[in-house]
Each structure stands twice: as structure tokens, then as C-alpha cells.
Amino acid sequence: MSTLQPLQNLQPHAHLSPDAIYPFDARGIAKRFRHAAIFGALDALKAGETMRFVNDHDPIPLLQQLQARYGESVEVTYRERNVSGVMIDFVRR
């Protein structure tokens with residue numbers, strides 16, 4: 001028996017995080033789907049909301065793609081960068 005709701009019964013995402021920070025751990029997403037998932041998550045953010053991104057490496061090619069796609073509408077701030085990975089805040093403007 002399926003527990004999935006029919007599409008017509010789904011509620012829109014309520015953006016209920018009190019601090020407007022939404023975690024995104026890319027380490028658990030298959031590499032072939034990562035960039036599409038990241039773009040989808042960023043597209044879902046409202047102005048002023050943050051996606052706190054965690055990955056096992058510094059995503060330089062992704063950052064270049066984000067700049068080309070979003071320009072000044074997404075602010076990028078490294079919170080942590082070391083040999084084990086990165087934590088980056090992407091803030092929608």
C-alpha cells in the first residue's frame with residue numbers, strides 16, 4: 001500500500017525554518033544528479049532564505065555555473081573550508 005499523496009493533495013512548501021536556513025548535504029546525492037538538485041533547491045528559496053550547503057570537496061565548477069545562472073541574485077559565503085570538505089551558505093537575494 002502506497003503512502004504517497006496524490007499530486008492534487010500536496011501542500012506547497014511552507015518555508016517554515018525559523019532562521020530561514022535550509023540544510024543541503026550534497027554528499028548523499030549521486031554525482032550525476034547533484035547540480036540539478038542544487039539548482040532546484042536554490043530555485044525553491046525565497047529572497048532572504050539560505051541554503052547551507054555541505055560537500056566533501058570545494059565545488060569550483062558548480063560555483064562558476066551558479067554565477068552564470070544566478071549572477072548577483074545568490075550570495076556565496078564560505079562558512080568552513082578544509083581538507084575534509086566545505087560548508088557554504090547560498091543566500092537568495
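The values are calculated or read from the model by the stated rules, or taken from the named source; none is laboratory data. Quantities reported herein were computed from a predicted structural model and do not represent experimental measurements. Cβ coordinates were reconstructed from backbone atoms using ideal geometry, including for glycine residues, and neighbour counts include every protein chain displayed. Remember, those area values only see protein heavy atoms, side chains included, never the ligands or the DNA or RNA. Shrake-Rupley method; radii C 1.70, N 1.55, O 1.52, S 1.80 Å.
Among the residues of the range 60-93, write down those that are outside any strand (DSSP E or B), without any contact (Cβ under 8 Å) to a residue 40 or more places away in the chain and in contact with a strand residue (DSSP E or B) (Cβ under 7 Å, 6 or more places away or on another chain).
If the condition is that a residue be outside any strand (DSSP E or B), without any contact (Cβ under 8 Å) to a residue 40 or more places away in the chain and in contact with a strand residue (DSSP E or B) (Cβ under 7 Å, 6 or more places away or on another chain), then 63, 66, 73 are the ones that fit.
For residue 84, state whether it is at pLDDT below 95 and either under 15 Å from the mean Cα position of the chain (by Cα) or surrounded by 10 or more Cβ atoms within 10 Å (Cβ to Cβ) (or both).
no
How many of the residues making up the range 17-26 are within 12 Å of the chain's Cα centre (by Cα) and open to solvent by 70 Å² or more (accessible area, probe 1.4 Å)?
The number of residues fulfilling the criteria is 2.
When the range 45-61 is examined, which residues are found to be farther than 17 Å from residue 22 by Cβ and surrounded by 10 or more Cβ atoms within 10 Å (Cβ to Cβ)?
Answer for the range 45-61, where residues must be farther than 17 Å from residue 22 by Cβ and surrounded by 10 or more Cβ atoms within 10 Å (Cβ to Cβ): 56, 57, 58, 59.
Please work out which residue is farthest from the chain's Cα centre (by Cα), limiting yourself to the range 66-75 and to residues that are surrounded by fewer than 14 Cβ atoms within 10 Å (Cβ to Cβ) and under 23 Å from residue 32 (Cα atoms).
Looking at residues that are surrounded by fewer than 14 Cβ atoms within 10 Å (Cβ to Cβ) and under 23 Å from residue 32 (Cα atoms), I get 68.
Give the residues of the range 31-59 that are part of a helix (DSSP H, G or I), among the basic types (Lys, Arg) and under 12 Å from the mean Cα position of the chain (by Cα), sorted by residue number.
Once the filter is applied, which keeps residues that are part of a helix (DSSP H, G or I), among the basic types (Lys, Arg) and under 12 Å from the mean Cα position of the chain (by Cα), the range 31-59 yields only 34.
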